[in-house]
Amino acid sequence: NAGVTQTPKFRILKIGQSMTLQCTQDMNHNYMYWYRQDPGMGLKLIYYSVGAGITDKGEVPNGYNVSRSTTEDFPLRLELAAPSQTSVYFCASSSRTGGQGGYTFGSGTRLTVV
Amino acid sequence: KNEVEQSPQNLTAQEGEFITINCSYSVGISALHWLQQHPGGGIVSLFMLSSGKKKHGRLIATINIQEKHSSLHITASHPRDSAVYICAVPTITQGGSEKLVFGKGTKLTVNP
């Protein structure tokens, strides 16, 4: 089993460019999450999804968009990249709502906006 | 909103030492997670526990629900245990779903 697969692993963007971070899981998990991790800070929730077709904002959604057309895929879209979006992004999935299900994390995407 | 505090922020130990990392949270929870993040960046789930104690190899996690406190212990520490250890607890979003709130992590360095 691949678990949670994120691509790309690294990316450098110029200010104002757009990109999509891909996340795919093969565990048939309903719950999927996007987090960002800034140096010295805990992971912050950007968006989450409780199933195909259902998404909701987390703590830091501004500048991002998501979609969940299938159970497997949960892409994160950055529009008009800004230096403040320089961070490490993690996708995660869970079989049950966060407190009850174990989490599986992707390997992360290190994004630099210059 | 649940607040999560971890201590210490940084910890340096000699190989073989017994390690303790602490996590305190402010609101009663259904379960608590301990995660490990290696220097390469990947995050691995170590434990999910709602009461008592769990053990996996040299790692032991305990939780005291009444005191809102959990500890992660590492026995006979080894340099390969060097990583950031993160505590996370659930909280309820404005939309009524549950999400995790993460501590800032404890960076452990084990020297040979």
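Every number in this text was worked out from the coordinates using simple rules, so none of it is lab data. Just so we're clear, the structure is a prediction, and the values are computed from it rather than from any experiment. Cβ sites come from the backbone with ideal geometry, for glycine too, and all protein chains shown count toward neighbours.
Remarks
- Residue identified as over 14 Å from the mean Cα position of the chain (by Cα), more than 10 Å from every other protein chain (Cβ to nearest Cβ) and crowded, with 19+ Cβ neighbours inside 10 Å among A:66, A:113: A:113
- Within the span defined as the stretch B:53-65, every residue fails to be exposed (fewer than 14 other Cβ atoms within 10 Å of the Cβ) and in contact (Cβ under 8 Å) with a residue 12 or more places away in the chain.
- Residue list for the stretch A:52-68, restricted to those being in a strand (DSSP E or B) and touching a strand residue (DSSP E or B) at 6+ places or on another chain (Cβ under 8 Å): A:55, A:56, A:57, A:64, A:65, A:66
- Some residue of the stretch B:86-98 being more than 14 Å from chain A (Cβ to nearest Cβ) and buried (at least 16 other Cβ atoms within 10 Å of the Cβ): no
- Meets criteria (assigned to a strand (DSSP E or B), among the β-branched types (Val, Ile, Thr), within 26 Å of residue A:4 (Cα to Cα) and touching a residue at least 12 places away in the same chain (Cβ under 8 Å)) for residue B:101: yes
- Of all residues in the stretch B:16-52, those satisfying the criterion of being surrounded by 13 or more Cβ atoms within 10 Å (Cβ to Cβ), under 20 Å from residue B:110 (Cα atoms) and away from chain A (no Cβ under 12 Å) are B:17, B:19, B:20, B:21, B:22.
- Residues of the stretch A:1-43 that are surrounded by fewer than 17 Cβ atoms within 10 Å (Cβ to Cβ), free of Cβ contacts under 8 Å to residues at least 40 places away in the same chain and either more than 11 Å from every other protein chain (Cβ to nearest Cβ) or touching a strand residue (DSSP E or B) at 6+ places or on another chain (Cβ under 6 Å) (or both): A:1, A:2.
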